[in-house]
Amino acid sequence: MKYDISITKTKAQKERPADESALGFGTIFTDHMFMMDYDEGAGWHDARIIPFAPITLHPASTVLHYGAEIFEGLKAYRASDGTIRLFRPEENIKRMNNSAQRLCLPEIDPEGCLDILMTLVELEKDWVPHSDGTSLYIRPFLFGNDPHLGVHAVKSATFVVICSPVGAYYAEGINPVKIAIESEDVRTVRGGTGYAKCGGNYAASLRAGERAEARGYTQVLWLDGVERKYIEEVGSMNVMFKINGKIITPELTGSVLPGITRKSCVELLKSWGYTVEERLISVDELFDAAKSGALEEAWGTGTAAVVSPIGHLFYNGREYTVCDNKIGEVTQKLYDNLTGIQWGKLDDPFGWSVKVCEG
Ligand SMILES: *Cc1c(COP(=O)(O)O)cnc(C)c1O
């Protein structure tokens, strides 16, 4: 089911950034945005693409008080054949609706949502940057918007999609990061909102990230919230390890975010013949492997970076170097293949890349 999208074009087109090496992440926005409102009874209505502008909220709006907000993140790529492409957008839509269910927010028709993304990206196609490694980041978000303070599942909501041209994540080459185990804060717990992509998870994880940075680490390695024993994620990425030739990644217990990059890596690795174990992995198992040399590679996965190799791990006052602080063979192969599919430079055996329009 498609939504009937009205389009109001801007009368004041913004200047597109001339220097694509200075794009950074999420600071520049395109000319238009998508918006749609939900009310109990009427359902989703007034689907519209309008000039990019601030949003007005009632001061009692649910999102401002009770954090009823979910979001997604995906990219549009300018492929080598000249087309504009998305990477597995239907996975983002599925996940957004799972997040919506968890936070009692209204779901969006999947076919209609894909049409919204395609329509907006096509309208903004000139904003998809051209340089190697750059892309147009797409940020759909959905929030509760009831104009009163009573605590209950929302009756009104708003869905918005904004787009931002972003620079190459690895403009200076792929440098491994330094990661410290977080033993105080937890990101989320089983039964909580870990598997949902909601703003609240990020709010709760910022303190640990800040502390880690102040101590000279790039990010934290999160442990489970019940036993503080099993590894869950690294920063806001999923995490994978190569131990004795096998790939191990924490299973999706409910507190781990089901990353689309994670899923794609697992599918690629299996297709290459690797044994991939999705299971609990304890911090003791990891550091025993680090001590014995069995830990060959460690990396995070996520849309922004694709993969992020881990070069140092800190735990109980000790520092362990992984893979000589270099990107490992498997990590590099995943990076090359995923980016190759995303930018249309390699075959796409799984049909992950979705054409939006000619560039
Ligand atoms: C979005 C996100 C990821 C990565 O998901 P991708 O779909 O691969 O981008 C991992 N962990 C957390 C907490 C996230 O929010």
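Take segment 6-166 with all the other protein chains still there, run a 1.4 Å probe, and you get 44 Å² of accessible area per residue. Between Lys355 and His45, full extension at 0.36 nm per residue minus the direct alpha carbon distance yields a gain of 108.9 nm. Taken along the Cα-to-beta-carbon direction at a fixed 7 Å, the label points for Lys263 and Leu149 span 4.1 nm. The length gained on full extension between Asp37 and Asp109, counted as 0.36 nm times the residue separation minus their Cα-Cα distance, comes to 24.6 nm. For the residues Ser292, Ser205, Ser99, a GNM of the chain with alpha-carbon springs under 10 Å puts the largest fluctuation on Ser292. Largest first, the residues Arg279, Arg78, Arg262 sort by 1.4 Å accessible area into Arg279, Arg78, Arg262. Rounded to the nearest Å, what's the spacing between the alpha carbon centres of segment 95-132 and segment 284-354? Just the number, please. Cα centroid to Cα centroid, the span is 28 Å. Run down the aspartates and glutamates and flag those whose C-alpha is under 12 Å from the C-alpha of Lys14, throwing out any fewer than 8 positions away in its chain. Candidates past the 8-residue exclusion: Asp31, Glu124, Asp126. Available extension along the chain between Glu184 and Tyr66 is 40.0 nm, counting 0.36 nm per residue and deducting the alpha carbon span. Taking the Cα centre of segment 177-342 as reference, the dipole from Cβ charges on Lys and Arg (+1) and Asp and Glu (-1) amounts to some 200 debye.
A dipole drawn for the chain from +1 and -1 charges on Cβ atoms has a positive end, and of Ala290, Ala68, Gly245 the residue lying farthest that way is Ala290. Accessible area per residue (1.4 Å probe, heavy atoms of protein chains only) ranks Ile138, Ile5 as Ile5, Ile138, with the largest value leading. In the elastic network of the chain, a GNM with C-alpha springs shorter than 10 Å, the most mobile of Ile70, Ile231, Ile243 is Ile243.
Ranked from largest, the principal axis spans of the Cα set of the chain equal 61, 51, 36 Å.
Once all protein chains are placed together, Leu252 keeps about 80 Å² accessible to a 1.4 angstrom probe. When the Gaussian network model of the chain links Cα atoms closer than 10 Å, the mean-square fluctuations of Asp115, Asp146, Asp19 top out at Asp19. Annotation: the antiparallel percentage among DSSP beta bridges lying fully within segment 177-342 is about 65.
Label positions at Arg139 and Lys270, each projected 7 Å from the Cα along the C-beta direction, are separated by 3.3 nm.
Radius of gyration over Kirkwood radius for segment 6-166, both on Cα atoms: the Rg/Rh ratio is 0.99. Under the convention that each Lys and Arg Cβ holds +1 and each Asp and Glu Cβ holds -1, the size of the dipole of the chain around its Cα centre is about 240 debye. Using only Cα atoms, tell me the angle between helix 89-102 and the longest principal axis of the chain; keep it within 0 to 90° and round to the nearest 10. Long axis of 89-102 versus the principal axis of the chain: about 90 degrees.
For q values of 0.12, 0.16, 0.22 Å⁻¹, compute log₁₀ I(q)/I(0) with the Debye formula on a Cα-only model of segment 104-237, without solvent. Per q value, in the given order, log10 I(q)/I(0) is -0.74, -1.10, -1.20. Here's the list of lysines a cross-link from Lys75 could span, going by alpha-carbon distance under 18 Å and ignoring same-chain residues fewer than 8 apart: Lys94, Lys125, Lys197, Lys263, Lys345, Lys355. Spacing of the modelled spin labels on Leu280 and Leu57, each 7 Å from Cα toward Cβ, amounts to 3.8 nm. Per-residue ellipticity at 222 nm, computed for the chain from helices alone with -39500 (n - 2.57) per DSSP H run of at least four residues, works out to -7500 deg cm²/dmol. On the basis of the beta-carbon distance and an R0 of 30 Å, Lys345 and Arg16 show a calculated FRET efficiency of 0.80. The shape of segment 222-359 comes out prolate: with a ≥ b ≥ c from the C-alpha gyration tensor, a/c is at least 1.5 and a/b beats b/c.
The values are calculated or read from the model by the stated rules, or taken from the named source; none is laboratory data. Treat the numbers as computed from the prediction; the structure is a model and nothing was measured. So basically every Cβ, Gly included, is an ideal-geometry build from the backbone, and we count neighbours across all protein chains shown. When the accessible area is computed, the model is the full protein with side chains, heavy atoms only, and any ligands, DNA or RNA have been set aside. Shrake-Rupley method; radii C 1.70, N 1.55, O 1.52, S 1.80 Å.
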